[in-house]
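The values are calculated or read from the model by the stated rules, or taken from the named source; none is laboratory data. It should be emphasised that the depicted structure is a prediction, and the values quoted were computed from it without experimental measurement. Heads up, the Cβs are rebuilt from the backbone with ideal geometry, glycines too, and the neighbour counts pull from every protein chain shown. Ligands, DNA and RNA are stripped out before the accessible areas are found, and what is left, the full protein with its side chains, is counted by its heavy atoms. Shrake-Rupley method; radii C 1.70, N 1.55, O 1.52, S 1.80 Å.
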Amino acid sequence: MDGRLSDVAGGMVPDGTRGRVLLAVLVVASLASLGVVGYRLADPGAHADHDLDFGESPDEIAFDALSQLDHRDYAVEWRIPLAPDDAGESGDDADAESSASHDYRVFLSAAVEGSQNRIRTQSGGTVLFADETCRWSVRSRAPETDGPDRCDPDRRLTSFYGLPADWSAVRRPDANVSVVRENDSTLVLRVNDTDAAYYLQTGTRKITDGAFARERGLRANLTLVVDKEGGHLRRLVFGQSALSQTDGENRTREHGRTVYAFSKWNRVTVERPDWAGYSLQEFLVDATR
């Protein structure tokens, strides 16, 4: 290299690196046009704050509370209660702190740094790390990384811990969002429509159109426990029930719940693990900064 400088992409760089930088610029531009480079880069500052206004209608409060899950920092546990919910409601006491509330299995836990589009989840011996470009995973029985096995930047962080995140469903009139209870510290909302609740939790539309749902009398609801002082979700409780499969007229209704418990709002950071790789997209973006 002879030390001469040229103006490339608005900056002064040595001639010897000009070709590499130009190539990186062209490749990144091509990737961006295909939607491969992360969505944060393509649409910076796209997220609204979604601060909660408790003077709004129940559906708007629910929409803003759920939308915070896409871009804020928090921890979440996906909990499976060990005992069936014989009462059949996911319910009015969903925010109660009692010894019974600890009778559950943690199916998956996650640290979400939504402000930086990073997440780390753990389920059993499998740990997953994902950022705005790719995801990597490692298992306790296989020390080497499995990835990057997938690059899907359009996937929202909430989908990594089981929620498809199409929150606009709560705004539909047939979602039937109501206030279950409210006091100075807590607001409990419920999505009463089975289709809307099932879609928000699973991403499946119009479950009641299916023969199985009609035969079993499937019902579902989604309860949002909102912390009024903090202005964020404390819990999501998905409740569903169906008639037993026994023959005859003595069919009973069987109930179940899935709980997402949120904590550490604005106090979570996610560091890249040592076993997580370095994607081509990140290398190319770094080369052009």
Qualifying position, being in contact with a strand residue (DSSP E or B) (Cβ under 7 Å, 6 or more places away or on another chain), among the small types (Gly, Ala, Ser), at pLDDT 95 or above and outside any loop (DSSP other than H, G, I, E, B), among SER241, SER178: SER178
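Yes/no per residue for (1) within 18 Å of the chain's Cα centre (by Cα); (2) β-branched (Val, Ile, Thr):
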position	(1), (2)
TYR198	yes, no
THR204	yes, yes
ARG251	no, no
PHE262	yes, no
ASN266	yes, no
ARG272	no, no
PHE283	no, no
Members of the range 46-69 that are closer than 20 Å to LEU163 by Cα, out of contact with any Pro (no Cβ under 9 Å at 6 or more places or on another chain) and modelled with pLDDT of 95 or more: GLU60, ILE61, ALA62, PHE63, ASP64, ALA65, LEU66, SER67, GLN68, LEU69
Flag for GLY248 being of a type in the set (Gly, Ala, Ser), in a loop (DSSP other than H, G, I, E, B), open to solvent by less than 70 Å² (accessible area, probe 1.4 Å) and modelled with pLDDT of 85 or more: no
Complete set of residues in the range 153-171 that are of a type in the set (Lys, Arg) and either loosely packed, with under 15 Cβ neighbours inside 10 Å or not in a loop (DSSP other than H, G, I, E, B) (or both): ARG171
Hits in the range 190-211 (condition: in contact with an Asp or Glu (Cβ under 8 Å, 6 or more places away or on another chain) and either at pLDDT 90 or above or crowded, with 22+ Cβ neighbours inside 10 Å (or both)): ASP193, ASP195, ALA196, TYR199, LEU200
Criterion violated by ASN183 - all others in (1) in contact with a Leu (Cβ under 9 Å, 6 or more places away or on another chain); (2) at pLDDT 85 or above; (3) loosely packed, with under 13 Cβ neighbours inside 10 Å satisfied: (1)
Cross-chain or 6+ apart pairs with Cβ under 8 Å, the range 51-73 first and in a loop (DSSP other than H, G, I, E, B), then open to solvent by 30 Å² or more (accessible area, probe 1.4 Å) and polar (S, T, N, Q): HIS71/SER115; ARG72/SER115; ARG72/ASN266
Residues within the range 203-238 that are charged (D, E, K, R) and either within 19 Å of THR186 (Cα to Cα) or in a strand (DSSP E or B) (or both), tallied: 6
Members of the range 264-280 that are open to solvent by 50 Å² or more (accessible area, probe 1.4 Å) and not basic (Lys, Arg): ASN266, THR269, GLU271, ASP274, TRP275, TYR278, LEU280
Single residue of ARG234, ARG214 found to be free of Cβ contacts under 8 Å to residues at least 24 places away in the same chain and either open to solvent by 50 Å² or more (accessible area, probe 1.4 Å) or within 21 Å of ILE61 (Cβ to Cβ) (or both): ARG214
Segments classed as strands (runs of 3 or more DSSP E), wholly inside the range 82-147, with at least 3 members that are modelled with pLDDT of 90 or more: 104-113, 118-123, 126-130
